[in-house]
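What follows is a single structure, written as structure tokens, with notes after it.
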Amino acid sequence: MEKILVVGSGLAGATSARCLAEAGFPVTVLESRRHIGGNCFDFRDREGLFVQLHGPHVFHTSDIEIWNFLTQYTEWRHYEHRVTANVNGKLLPFPINLDTLGLLYGKTFTPVAMAEFLRAEVANSNFPSPPANFRDFIVSQVGSRLYETFFHHYTEKQWGKPPEKLSVEVAKRIPLRFNHDDRYFTDPYQGIPLKGFTEMIRRMLDHPNIDVHLETDYFDQREEYPAALTVFTGELDRFFNYRFGKLEYRSLKMDFVTVNKERYQPTAVINYPGEEPWTRVTEFKHFYGQEHPKTTLCHEYPAEKGHPYYVVYTRENLAKRDLYMGEVSKLEKMGGYIFCGRLAEYRYFNMDQATASALGKIRAWLKNRKA
Ligand code: UDP
């Protein structure tokens, strides 16, 4: 059988490797880091507490097919993610719902009262129509006061640029709730792999046709691994030697600390939309439901340098992405390459979307070969 190379062992890479291995191909996975699992890598720290080294990851999807696919490799701990925003020391449900406004303004909101309130807030705010950037979109939904309270500083910290530079798509990740639902995600399927994300991915890669090489950078060694198909999940611009210029990525500096108490904060994640230098604090115990006298948390400080965690949706980056994707389409059509995942497609994918993209592209490739 022809050899296949998969670059990266995150969800997109592991999904691709598994499907191709099951179709009978020998697959070599090259991973530049010391661990598999990409950015959803988790492990038990010295205390035995689960930690997500690259920041909080909660799986959620409305796609039963993706849920069923991953369920072959893990059992799930049912977990519904809840986030609060620390606004001047007060913890408010986030995304904004009836109770957020109730606690903020000290009165009860019905859905109708909330709609009327927001209409008045928006009417007193300035934004162009149609709104064409993050700031204007949020202001068009909630007005400038709530924008300032929950979004302005957080977004500036997270992306290191004015929210006016960011695409509406980023703003659309955050819903508005005219009810009391305080879950961060409303997808029907959500959870944390019972034994962790790394274990789930380890099982995906555990197949006689799959060979994983850690600490191996594809770009240093690509000639050594001739392959009939290369599935690339790394940085899109680097693959093409920055032909159309550099794409921006956003990184995070994670500051972990273990404290001597059972529970540190009421929700797994607390967002800090104010002047604090960090964006959010995660207490991982909530995810994994561990019983332990201690607990580990992490403060996130967004950073320009470091591992690429986020793609940055500005007009310039998205225009460059289109140029690169033109080249990707040509390569994919010839059948020797597949680009999938957040970094290789330069899309702000959630984990289910990265998995779905890989599954879709690999299945199409396999079908084409049979035809
Ligand atoms: N956001 C914000 N305030 C918050 C949470 C999110 O302004 O309290 C904005 C911010 O720009 C962020 C975006 O909404 O980058 C998307 O948030 P999400 O929670 O989806 O970010 P992720 O979990 O991917 O870091």
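A few comments on the model shown:
- Candidate set from segment 185-207 (those that are over 17 Å from Asp42 (Cα atoms) and open to solvent by less than 50 Å² (accessible area, probe 1.4 Å)); member that is farthest from the ligand (Cβ to nearest atom): His207
- Residue within segment 77-98 that is within 15 Å of Ile201 (Cα to Cα) and either more than 20 Å from the chain's Cα centre (by Cα) or among the aromatic types (Phe, Trp, Tyr) (or both) present: no
- Scanning segment 69-104 for residues that are in a loop (DSSP other than H, G, I, E, B), open to solvent by 70 Å² or more (accessible area, probe 1.4 Å) and either more than 29 Å from Trp278 (Cβ to Cβ) or more than 16 Å from the ligand (Cβ to nearest atom) (or both) yields Gln72, Glu75.
- Count of segment 57-68 residues which are in a helix (DSSP H, G or I) and open to solvent by less than 60 Å² (accessible area, probe 1.4 Å): 2
- Leu366 vs. criteria in a helix (DSSP H, G or I), open to solvent by less than 60 Å² (accessible area, probe 1.4 Å), more than 30 Å from Tyr189 (Cα to Cα) and in contact (Cβ under 8 Å) with a residue 24 or more places away in the chain: no
- Test: residue in segment 237-257 that is open to solvent by less than 30 Å² (accessible area, probe 1.4 Å), polar (S, T, N, Q) and either more than 13 Å from the ligand (Cβ to nearest atom) or in contact with a helix residue (DSSP H, G or I) (Cβ under 8 Å, 6 or more places away or on another chain) (or both): no
- Of all residues making up segment 6-30, the number that are part of a loop (DSSP other than H, G, I, E, B) and buried (at least 24 other Cβ atoms within 10 Å of the Cβ): 3
- Residue that is least open to solvent (accessible area, probe 1.4 Å), among those in segment 211-236 that are in a strand (DSSP E or B), of a type in the set (Val, Ile, Thr) and in contact with a Ser or Thr (Cβ under 8 Å, 6 or more places away or on another chain): Val231
- Here Gly274 meets each of (1) of a type in the set (Gly, Ala, Ser); (2) within 16 Å of the ligand (Cβ to nearest atom); (3) touching a Gly at 6+ places or on another chain (Cβ under 6 Å) with one exception, condition (3).
- Comparison of Glu262, Glu283 shows that the only residue that is open to solvent by 40 Å² or more (accessible area, probe 1.4 Å), of a type in the set (Asp, Glu) and closer than 30 Å to Thr100 by Cα is Glu262.
- Of all residues in segment 158-184 being free of Cβ contacts under 8 Å to residues at least 60 places away in the same chain and near the ligand (Cβ under 10 Å from one of its atoms), the one that is farthest from Gly37 (Cα to Cα): Pro163
- The set of residues from segment 281-310 being under 19 Å from the mean Cα position of the chain (by Cα) and without any contact (Cβ under 8 Å) to a residue 40 or more places away in the chain comprises Val281, Glu283.
- Which listed residue, of Tyr310, Tyr301, Tyr324, is of a type in the set (Phe, Trp, Tyr), buried (at least 21 other Cβ atoms within 10 Å of the Cβ) and modelled with pLDDT of 95 or more: Tyr324
- Residue satisfying condition, being outside any helix (DSSP H, G or I) and more than 30 Å from Met351 (Cβ to Cβ), within set Lys107, Lys195, Lys161: Lys107
- Annotation: of all residues in segment 138-148 being open to solvent by 40 Å² or more (accessible area, probe 1.4 Å) and touching a residue at least 24 places away in the same chain (Cβ under 8 Å), the one that is farthest from the ligand (Cβ to nearest atom) is Arg145.
- Note on segment 31-56: among residues that are open to solvent by 30 Å² or more (accessible area, probe 1.4 Å) and not in a loop (DSSP other than H, G, I, E, B), the one that is farthest from Tyr264 (Cα to Cα) is Asn39.
Residue-by-condition table, conditions (1) open to solvent by 30 Å² or more (accessible area, probe 1.4 Å); (2) in contact with a helix residue (DSSP H, G or I) (Cβ under 9 Å, 6 or more places away or on another chain); (3) closer than 22 Å to Tyr154 by Cβ:
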residue: Ile270; (1), (2), (3): no, no, yes
residue: Gly289; (1), (2), (3): yes, no, no
residue: Lys320; (1), (2), (3): yes, yes, no
residue: Met334; (1), (2), (3): yes, no, no
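The values are calculated or read from the model by the stated rules, or taken from the named source; none is laboratory data. Model, not experiment: these values are computed from the prediction. Every residue, glycine as well, gets a Cβ built from its backbone with ideal geometry; the counts of neighbours run over all protein chains shown. Heavy atoms of the whole protein, side chains included, go into the accessibility calculation; ligands, DNA and RNA do not. Shrake-Rupley method; radii C 1.70, N 1.55, O 1.52, S 1.80 Å.
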